[in-house]
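Input: a single structure, listed below in structure tokens.
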């Protein structure tokens, strides 16, 4: 059992591709094959861009596991 604050971390693949004065960062979960991308300026560190891309990927993975809203109407 993991102690408080010692969550089990997953490993992700992170790819950087320079496009002019921007960098496209893709993060991929090798288990689910979910991929997300962000674009940022080249002046931002790879560590920060990687952190942002992984946060977006983890958000998408959480979103996929949520139960779908089966209620009627429009969700705003």
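No lab work stands behind these numbers, since they all come straight from the coordinates. Because the structure is predicted, anything quoted here is derived from the model rather than measured.
Once the Cα-Cα distance is subtracted from the 0.36 nm per residue extended length, the residue 44 to residue 13 segment shows a gain of 9.2 nm. For the range 13-64, what D do you get in µm² per second when you plug the Kirkwood radius from alpha-carbon pairs into Stokes-Einstein at 37 °C and 0.692 mPa s? Diffusion coefficient, whole number: 297 µm²/s. When only Cα pairs below 8 angstrom with a gap of at least 6 residues are kept, the range 13-64 shows a relative contact order of 30 percent.
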